Protein chains: 2
Amino acid sequence: MNAEKIPDIIIGRLPVYLRALQRMADNGIKTTSSQELGEHVGISAAQIRKDISQFGEFGKQGTGYSIAYLLDKLKEILKVNRRWEVALVGAGDMGHALARYQGFVNRGFQIVMIFDNDKGKVGQKVDSFTIEDSDKLVERVKSAGIKIAMLTVPAPAAQSVADKLVQAGVKAILNYAPISLNVPHNVKVQYIDPATHLQRMTYYL
Amino acid sequence: MNAEKIPDIIIGRLPVYLRALQRMADNGIKTTSSQELGEHVGISAAQIRKDISQFGEFGKQGTGYSIAYLLDKLKEILKVNRRWEVALVGAGDMGHALARYQGFVNRGFQIVMIFDNDKGKVGQKVDSFTIEDSDKLVERVKSAGIKIAMLTVPAPAAQSVADKLVQAGVKAILNYAPISLNVPHNVKVQYIDPATHLQRMTYYL
């Protein structure tokens, strides 16, 4: 495996394969083909074979892939064969929705702390969490060794919170604020901005 | 302009440029350069010039871009120089957060109806909306001529709702359900799945 050389675009497809394979496994399916997987995810069988072959030989010609084996391998490659602790910053509507979202734990993630800078919210409960003061963010995140954060604060606050997260040792930020963040090169950012996603589609309408 | 030939990856960057330019305009800035815009969005100046030049000549060598002019042009290209009506399906936590989200209207979108198949939710209010019965979805969306929908239903329900949306004439779906959708080629789907986004980053940790 020559992980450093794998293009980002291939890495981006692996979680989609993982999700589809997990769904097949949950439905009791034991083996699949690149053709079948491709139909589930809307990607060509050739592309899937090429992507997966970057990491080694996982399937046998003619017999297809063992789903359990491929799941294990993909989880290992993506490092989600463990549970990552996640800090959530911003206890607004989106923060609440994410805090209550059931889809993280079985995919490698667990929100463990929630921050807000609104003193009126600090101390309130969201699901099983107590909202903590953003003033404590750096100290709390650093001492817990948390490497992943989700950012659901308003755009004007996002960069300064991102700076704090970086200071606290966070290396991966899922940013819901509709603004591009400036972070050091060793920190990854993924963006979720529904208006941007919608605007990608209106072009084609 | 040879719109049909523009690669999807370039179209995908235009909303990010639009968002950054709008932010500059909101801050009273009148002109910018590909260098400056690049620093805001984390994309090289050369790439930005190349992307924008696909659609014509918008800047002058040395004087940079007029932000107001480029905003107008980008909105025109992305067809968000109008307001699109959007149907939201799924009035759970995420649906509620989206219904209350203030960031759509000034970027070309307005949620106008919300559906859920839970009879206990039908008739309840979310913000200014009354949740409608999913049984009425096809009829209501079709008669309103709505082309864009957001899907925030659980994964097992997502494909059948997508089928209904397609039947109703929807051409663009923003799918929050953690599952790949099968839709006809003339229907666009964008995916928002936070666990997938997180898994793209753990690879690098």
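Side notes on the structure shown:
- Apart from one condition, A:PHE115 fits all of (1) under 21 Å from B:TYR176 (Cα atoms); (2) more than 9 Å from every other protein chain (Cβ to nearest Cβ); (3) in contact with a Ser or Thr (Cβ under 8 Å, 6 or more places away or on another chain); the exception is (1).
- Scanning segment A:2-30 for residues that are within 17 Å of A:LEU71 (Cβ to Cβ) and surrounded by fewer than 16 Cβ atoms within 10 Å (Cβ to Cβ) yields A:ALA25, A:ASP26, A:ASN27, A:GLY28, A:ILE29, A:LYS30.
- For segment B:115-136, the set of residues classified as under 16 Å from B:ALA99 (Cβ atoms) and assigned to a helix (DSSP H, G or I) consists of B:SER134 only.
- Selection status of A:LYS188, charged (D, E, K, R) and over 21 Å from the mean Cα position of the chain (by Cα): no
- Among the residues of segment B:148-175, the ones that are in contact with a Gly (Cβ under 8 Å, 6 or more places away or on another chain), surrounded by 22 or more Cβ atoms within 10 Å (Cβ to Cβ) and not aliphatic (A, V, I, L, M) come to 1 in all.
- Set side by side, the residues B:SER128, B:SER143, B:SER66 differ, and just one is modelled with pLDDT under 95, among the small types (Gly, Ala, Ser) and outside the structural domain of B:THR32 (by TED's automatic domain parsing), which is B:SER128.
- Boolean, B:VAL126 is within 11 Å of chain A (Cβ to nearest Cβ), out of contact with any Phe, Trp or Tyr (no Cβ under 7 Å at 6 or more places or on another chain) and surrounded by fewer than 20 Cβ atoms within 10 Å (Cβ to Cβ): yes
The values are calculated or read from the model by the stated rules, or taken from the named source; none is laboratory data. Computed from a predicted model, the values in this text were never measured in an experiment. Cβ atoms come from the backbone with ideal geometry, glycine included; neighbour counts cover every protein chain shown.
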